[in-house]
Amino acid sequence: MSRTDRIGARFAALKAKNQAALAAFVTAGDPDEATSRAILAALPHAGADIVELGMPFSDPVADGPAIQLASERALAAGASLRKTLAMVRGFRTDDRETPIVLMGYFNPIYSYGAETFATDAAAAGVDGLIIVDLPPEEDEDLRPFAQAAGLHLVRLVTPTSDEARLAKVLKGAGGFVYHVAVAGITGTKAAGIEELSDALAVVRRHTTLPLAVGFGIRTPEQSAAVARVADAAVVGTAIVERIAGGLGADGRAGPGLIDGVAASVRALAEAVHGARGG
């Protein structure tokens, strides 16, 4: 890749310290553009190693109620894919090192124009894409443009992915692999660590990419347990719920919202970074 590989550099730096990464998910534009920009800027300072920035969408079928509501709040406040990219551009004026991965669904990208989107996303400072509803058999409408722009396509694997499926899904994967710890929507039950460790061992036979684990990870304790067997713990619903909890009765951000989110992320980051004694 001709562009700086921020994802690879971040995982390499953490590996040298025997640490896993904390990937923090928030929805772009939630609860409003100004607050969302402030939250985004605060995440790395609170210890987030990678930011997964959700692209608001009206029908996020893989997401649980908390993230669905976050998308609804963002869209009601005027969020759009163009504003999401503008948010990344603004973030890059002060932070050129923290990887940003956009996560969401293909419909907004299709409406934007896949080739133009890939070019604009790379120019804005996006490092990778996680497109939940675009399996490898159907990604020809995006993959060539993403690869040409130097964007990593992060693949999702699940507990039901067998050896044959893993070989197909991981072909052409980049950045890291996102292991969905449990079948179902975000923010629900958590997987057992022994079961998770066994599943990751199977995935590692098919790739040398770092393995991130998400879905169902909510607490510092759960994050630390994941960090001992995976290369990254992904936390989304708990952070999004913390944002929702900081809203006033009128739906607007309260005075302590940003500091409260940062405190929650800091606790998660400390647990992840200290999980292996690093």
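Observations
- Qualifying positions in the stretch 32-65 - at pLDDT 95 or above, of a type outside the set (Ser, Thr, Tyr) and in a helix (DSSP H, G or I): GLU33, ALA34, ARG37, ALA38, ILE39, LEU40, ALA41, ALA42, LEU43, PRO44, HIS45
- Only one of the listed residues (SER111, SER58) is surrounded by fewer than 16 Cβ atoms within 10 Å (Cβ to Cβ), in contact with a Leu (Cβ under 7 Å, 6 or more places away or on another chain) and not hydrophobic (A, V, I, L, M, F, W, C). That residue is SER58.
- Scanning the stretch 228-278 for residues that are hydrophobic (A, V, I, L, M, F, W, C) and farther than 26 Å from PRO210 by Cα gives ILE243, ALA244, LEU247, ALA249, ALA253, LEU257, ILE258, VAL261, ALA263.
- Given (1) modelled with pLDDT of 95 or more; (2) touching a helix residue (DSSP H, G or I) at 6+ places or on another chain (Cβ under 8 Å), number of the condition ALA269 does not satisfy: (2)
- Selection within the stretch 240-270: residues that are touching a Ser or Thr at 6+ places or on another chain (Cβ under 9 Å) and buried (at least 23 other Cβ atoms within 10 Å of the Cβ). The member of this set that is nearest to ALA34 (Cα to Cα) is ILE243.
- Among residues of the stretch 107-119, those that are out of contact with any Phe, Trp or Tyr (no Cβ under 8 Å at 6 or more places or on another chain) and of a type outside the set (Ser, Thr, Tyr), counted: 1
- Meets criteria (over 19 Å from PRO210 (Cα atoms) and among the acidic types (Asp, Glu)) for ASP49: no
- THR27 being among the β-branched types (Val, Ile, Thr) and under 16 Å from the mean Cα position of the chain (by Cα): yes
- Criterion applied to ASP141, ASP120, ASP133, ASP127 was being crowded, with 21+ Cβ neighbours inside 10 Å and charged (D, E, K, R), and the one residue passing it is ASP127.
- Any hit, the stretch 125-139, residues being modelled with pLDDT of 95 or more, in contact with a Lys or Arg (Cβ under 6 Å, 6 or more places away or on another chain) and in a helix (DSSP H, G or I): no
- Checking THR84 against (1) among the β-branched types (Val, Ile, Thr); (2) in a helix (DSSP H, G or I); (3) surrounded by fewer than 24 Cβ atoms within 10 Å (Cβ to Cβ), the condition it does not meet: (3)
The values are calculated or read from the model by the stated rules, or taken from the named source; none is laboratory data. Nothing here was measured: the structure is a model prediction, and the numbers come from that model. All Cβ positions, even for glycine, are placed from backbone atoms using ideal geometry, and neighbour counts span all protein chains on display.
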